[in-house]
1. How would you order 343-349, 72-78, 637-643, 239-245 from highest to lowest mean count of nearby Cβ atoms within 10 Å?
2. Principal axis lengths of the range 88-206 from Cα atoms, whole Å, largest first?
3. What does the charge count near THR656 come to, summing +1 for each Lys or Arg and -1 for each Asp or Glu among other residues with Cβ under 11 Å from its Cβ?
4. Could you list HIS220, HIS448 in order of exposure, starting from the residue whose Cβ has the fewest other Cβ atoms within 10 Å?
5. Give me PHE446, PHE403 ranked fewest to most by other Cβ atoms within 10 Å of their Cβ, as a rough exposure proxy.
6. Can you figure out the FRET efficiency of THR222 with GLN173, using R₀ = 22 Å and their beta-carbon distance, to the nearest 0.05?
7. If we count every other residue with Cβ under 11 angstrom of VAL440's Cβ, Lys/Arg +1 and Asp/Glu -1, where does the sum land?
8. With θ set to phi - 60° and the Karplus curve 6.51 cos²θ - 1.76 cosθ + 1.60, what are the ³J(HN,Hα) couplings of the range 636-652 in order, to the nearest whole Hz, using x for Gly and Pro?
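FYI, it's all coordinate maths here, none of it is from the lab. Note that the structure is a prediction, hence the values are computed from the model and not measured. Every residue, glycine among them, receives a Cβ derived from its backbone with ideal geometry; neighbour counts consider all protein chains shown.
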Amino acid sequence: MGNSSKLSLALVGLVLGASLVACDDGRSGAQGAATQLATAVSALDVGSVAFDGKDSGAANDQLKEVFKALDPAKPSVQAGELKLDAGTAKVPLNYTWKIGADEWKYTVSAQLKKTGDKWLTVWTPALLVPDLADGEVLSTSSETPQRAPILGAGDVPLVTYRPVVHVGIDKTQLGRADAADSATKLAQLVGVDPAAYSKQLAAAGAQAFVPAITLREDGHRTITNAQISAIPGGRAIPDTLPLAPTRTFARALLGTAAEASAEQIEKSGGALKAGDTTGNGGLQQQYDAQLRGSNGLVIRAQKAGLTAEQIKAAPTDPRRILFQAQMKPGTPLKTTLDPKLQQLAEDVLGNVGPASAIVAIRPSTGAVLAAASGPGSNGYDTALLGQYAPGSIFKMVDSLALFRKGMTPDSKVQCTPTLTVDGRTFKNAEGYPESSLGSVALREAFAHSCNTAFINARDKVTQAELEAAATSLGVAVEAPALGAAAFLGSVPGAAEGTEHAASMIGQGKVLLSPLAAAIMAGSVAKGAPVSAKLVLNPNASAAAQPPASGNAAATASPSATPTAAGDASPSAPAKTSAAPVTAAEAAQLADMMRAVVTSGHAGFLASVPGAPVGAKTGTAEFGTDNPPKTHAWIVAVHGDLAVAVFVDDGGLGATTSGPLLKEFLTAAG
């Protein structure tokens, strides 16, 4: 090889080597350091990051102190496009904080420095927040809107802020008095557990006010301020809270609102903080976001240790605002509940021992006017969520199915004292009139509730036709317009033998709620299926939890658990009815319901003033006792009002639920 060739190869090698060096200019190392920094700051832990000018541990401690006020929130930090300049580099860090429903976004510039074969981050507090100086930290202040009210028909406030007093011991006012003695005396005065309250008081700090009970300031408070202040440390602190008219008013349906618990705060994802009011159960919980609104929040940079007194004394605010989210008031929840009818229903149920319910709806509009669950329901929403065998009120469904097979109220049916189906004997209720046995009109069998007549007709209608007739009357379907969790009934679409026979008298696996029973009666009054509605503005907040509807599962566990026949479990509801009840069919049903009052079990309703009342009684056996326990039902239509009354373990529908219905209708006017 000649000298010229050797020289050429040497030049090529020199150029290639220079190119390789140029490609390895340190960018990959700098980019890796930038990515590591962004990841570490996102986790609020930079202990593994190498810094220039700051020990990693000290830098990590400072970071945590700077962002302490934002705990438990953490930022999302992304490294932007890196700019390299010899042994240094700059990279933007793009921060995004989720602050309640808002986002706080900003960008800072991080400087990297190459030392030996490592890239170090040049420490400065401005890495964390723009222009943040040494010795500065973040602080927050918030403003909480009042919770929006829940409104009834005509926008009458149902739940709104009402005056209360918090009764407790103020430890700063105990003086030399014995704390345990004061706690015991106060607990005995207000009716709480003395041992538990004494323990709570002992655990509180020396400056604490420890509430024992909150009392309504409604003019009926029996515990006086003088009695409270006579106990060393005793205080009654005035306040207002979002409350219904009374402690029990529609409580199972509306739910309650109270200070958020630690568990609720933890599960809220930053939406709740200590001291916030949040919903518990019912509409208060379902529509919590709508009612609560969102807090206003200001994030500031300030010197660490700055006191409220120093801020107040300064000629200008020594803090600077970094981010501000405006407070957003909640939106009132509008419902169809009539406060007078709701209170009337609760008063009527006031002395009923077992679980019970009264539901009243306006058939023409579907508005739910009252949905009361009695004291025996122990806080469970029996009215909307109960799942019970309906007994003979289901004969309204049977009758509609029979009409569609060509029968009329005057068609003859066979009413026998007993009837045996596949070895199971069915009978009529005790006291069934002998004069209504034999070949009788369907109207008469309906009025006196002849079980055997309807079971005898089982071969005329299939189980699928029973299910279809139920949906035609607005039950066992979904309820998208209701706006609340509810069970609208379940009717199996397939059954044979004794199960089909049991379905004909509202037993077996047929289940209804009191709301569903009222809808069924209301559909007769309207002449078309009623689509019940309770909440008028369910979409006012996109954050509202979606209600369960159709066959909503029970979510409470009272001592009076809803009971059904045997081990019946609800089937899925239909979307809508394929064949809605017609006005002509409804007129035939109304004719038979009126006969229940004029010649049947519900003659006591003939004296109710106003429009003629049509009704249907029902008694459903359940459990394994001998004789079996029974659910007592009655439904009625009275002008543009449809009502269902239910009593669990209540004897006969006519004798137990009937008088309650009469009282309600008479007072309702």
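1. Numbers: 343-349: 21.4, 72-78: 15.7, 637-643: 23.4, 239-245: 18.0.
So the order, starting with the most tightly packed, is 637-643, 343-349, 239-245, 72-78.
2. The principal-axis extents, from largest down, are 76, 54, 21 Å.
3. On the way: positive: none; negative: ASP648, ASP649.
Result for the neighbourhood of THR656: -2.
4. Details: HIS220 8, HIS448 25.
Lowest count first: HIS220, HIS448.
5. Working: PHE446 27, PHE403 20.
Exposure proxy ranking, most exposed first: PHE403, PHE446.
6. Numbers: r = 23 Å, r/R0 = 1.07.
Using R0 = 22 Å, I get an efficiency of 0.40.
7. Numbers: positive: LYS412, ARG443; negative: ASP410, GLU444.
Charge balance near VAL440 sits at 0.
8. Values, residue by residue: 8, 10, 8, x, 8, 9, 10, 10, 10, 10, 9, 9, 6, 6, x, x, 8 Hz.
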